[in-house]
Amino acid sequence: VIAILSILLVMALPQVLELFNDSRESAFITQVQSIYRAAEEQYVSDQLSPNDGSTSTSYCKDETNSNTENDLNISNDDVLYNIEFNSEGQITLIEVSDGKYSYTSTSSPVKIGDIKQVDTTYAEVTCD
């Protein structure tokens, strides 16, 4: 009985681990899409609010960023991001990393529907 259970465990464990990793990757994709939407909302809000003539065209949070003026106030402190808009209000760059997964796109414009594949290697996010 123990031998049979051991064989079943050895056969099932890789599939369970794959499901676990797939769900973490899927959760990260959802997080990237949420950051994309938050950046769009913040951009529109910044464009509509009265200001001194200088409107933000990028939102960024990196490991060394002490300037929270262009921070999207995302609740997850582990997620770093850099998002840039062009003069037409389209996202032209998005970089997001949580330390395990990362997503980068420089297609112009970046579309939320294109956020489907993530990189499993760490990519450093830097604010300029």
(Q) Please list 3J(HN,Hα) in residue order for the stretch 81-97, calculated via the Karplus relation 6.51 cos²θ - 1.76 cosθ + 1.60 where θ = phi - 60°; whole Hz, with x for glycine and proline. (A) 8, 9, 10, 10, 10, 8, 5, 8, x, 9, 6, 10, 8, 9, 10, 9, 8
Q: Go ahead and estimate [θ] at 222 nm for the chain from helices alone: -39,500 (n - 2.57) per DSSP H run with n ≥ 4, summed, over the residue count, rounded to 500.
A: -13500 deg cm²/dmol
(Q) What is the percent carbon and sulfur in the accessible area of the chain, measuring with a 1.4 Å probe over the protein chains and ignoring ligands? (A) 52
Q. Where the Cα atoms of the chain are projected onto their three principal axes, how long is each span, largest first, in whole Å?
A. 75, 29, 21
Q: Under a 10 Å cutoff between Cα atoms, tell me which one of Gly99, Gly113, Gly89 has the largest fluctuation in the Gaussian network model of the chain.
A: Gly113
Q: Give me the angle, in degrees from 0 to 90, between the Cα long axis of helix 2-48 and the longest principal axis of the Cα atoms of the chain, rounded to the nearest 10.
A: 10
Q | Surrounding net charge for Glu25, when Lys and Arg each add one and Asp and Glu each subtract one, Cβ distance under 13 Å | A | -1
Q.
Charges on Cβ only, +1 for Lys and Arg, -1 for Asp and Glu, centred on the Cα centroid of the chain; of Val110, Gln90, Ala12, which one is farthest towards the dipole's positive end?
A. Ala12
Q. For the chain, what is the accessible area per residue in Å², given a 1.4 Å probe and the full set of protein chains?
A. 65
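The values are calculated or read from the model by the stated rules, or taken from the named source; none is laboratory data. Computed from a prediction, not measured in an experiment: that's the story for all the values here. No Cβ is skipped: glycine too gets one built from the backbone with ideal geometry, and neighbour counts run over all protein chains shown. Surface areas here come from the heavy atoms of the whole protein model, side chains and all, with no ligands, DNA or RNA. Shrake-Rupley method; radii C 1.70, N 1.55, O 1.52, S 1.80 Å.
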